[in-house]
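Structure, as structure tokens:
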Amino acid sequence: MRLKWRLLPSLILLAAGAACSSPSGGNSPRPTIAVSVAPQASLLKAIAGDDFDVITVLAGGANPETFEPGMTTRLAVDNSEAYFTTGGYLPFETALGKSLPPGVRIVDTGYGIEPAYGTHGGNACDDTHTGGADPHVWTSLVNLAVMVDNMTTALAELNPAHEALYTRRADSLLTRLDSIDENYRLRLADAPTRTFAVWHPSLSYFARDYSLKQIALGQEHKELSAMRLKALIDSAARERTHVFFFQREYDSRQAATANERIGSRLVTIDPLSADWEGQMDLIVDELTRH
């Protein structure tokens, strides 16, 4: 499956200010670009190289749905050339987007991604926040390919002199994403089960890519009722759920008990890690264990 595709530049750069400036101005030897989450930063650095300093807004280990950037981070974003959002689904992205200075360009790296909605109830490919789009768009290789294209288009507008270089790096990255995706599809086709459990629902785009079923045992900002949790545990057990993925930032005393009742393996993951490939490898390794 070929992941790569191109988008029109005029649809990517949303922002605001005067004509695009060269990345060589100012007091710093390199201009700054801000991104929302660490997986974005890894992709952007692979394309931009040393042309820009890339800062990540979300602090390590923070809950992205309750996070608010501190003053130092906020000032850094205010002084950046551009802010690359994941699509504006995270609350702090929305708040930043409404209050950034006019000269900071806003780049929607999630433009063109099909959002997942209303998937917080534990059904197939379930994942998010009732009434809103699932913000975890970076947990999908298909989505990452879209983000790479959007980033490349925006970088070429910020620094036209290096457009060809950015395109070559992006093509290499897209080829790598395509290779990983093909490998995962082959391996997951032989997985012992098509169902996995999570505490905080963060893998619905991943599940959608590979026709898997995600059962989310956690709920937004509060624990499930005992009756609802029992129903989900029973469902996971019936479907021979072997793996229960868990994130430390969503700690819950119920997780270990739920895992024991399901009879699954509790595996800690970090979807917000800069090492997005290592995390996806871990997830696929656990799902394909026999």
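What residues qualify as long-range amide H neighbours of I106, i.e. H under 5 Å apart, gap of 5 or more or another chain, H built at 1.01 Å from N?
Under 5 Å from the amide H of I106 lie the amide H atoms of L14, A15, A16, Y83, each far enough along the sequence or on another chain.
Enumerate the residues in segment 182-220 having an amide nitrogen under 13 Å from the point lying 7 Å beyond the Cα of R248 toward its Cβ.
Output list for this probe position: empty.
Considering every Cα-Cα pair within segment 135-283, what fraction, in whole percent, is farther apart than 28 Å?
Cα-Cα pairs of segment 135-283 separated by over 28 Å account for 30 percent.
Taking 35 Å as R0, compute the FRET efficiency from the Cβ-Cβ separation of E260 and S211 and round it to 0.05. Could the numbers behind the result be given before it?
Numbers: r = 28 Å, r/R0 = 0.81.
It comes out at approximately 0.80.
Taking a ≥ b ≥ c as the square roots of the Cα gyration tensor eigenvalues, with a/c under 1.5 meaning rounded and otherwise prolate when a/b beats b/c, else oblate, which class fits segment 55-94?
Numbers: a/c = 1.95, a/b = 1.23, b/c = 1.59.
Oblate shape, in that a/c is at least 1.5 and b/c is the bigger or equal ratio.
Can you classify segment 148-215 as rounded, prolate or oblate using the Cα gyration tensor, where a ≥ b ≥ c are the square roots of its eigenvalues, rounded means a/c under 1.5, and otherwise it's prolate if a/b beats b/c and oblate if not?
Because a/c hits 1.5 or more and a/b fails to exceed b/c, segment 148-215 counts as oblate.
Could you calculate the contour length gain from S225 to Y117, that is, 0.36 nm times the residue separation minus the distance between their Cα atoms, to one decimal place in nm?
Between S225 and Y117, full extension yields an extra 36.6 nm.
R0 = 45 Å: FRET efficiency of E163 with D190, Cβ-based, nearest 0.05?
E(calc), rounded to 0.05, equals 0.60.
Since every read-out is calculated from the coordinates, none of them should be taken as a lab result. Predicted model only: the values in this text are computed from it and were never measured. Positions of Cβ are backbone-derived with ideal geometry, glycine not excepted, and every protein chain shown enters the neighbour counts.
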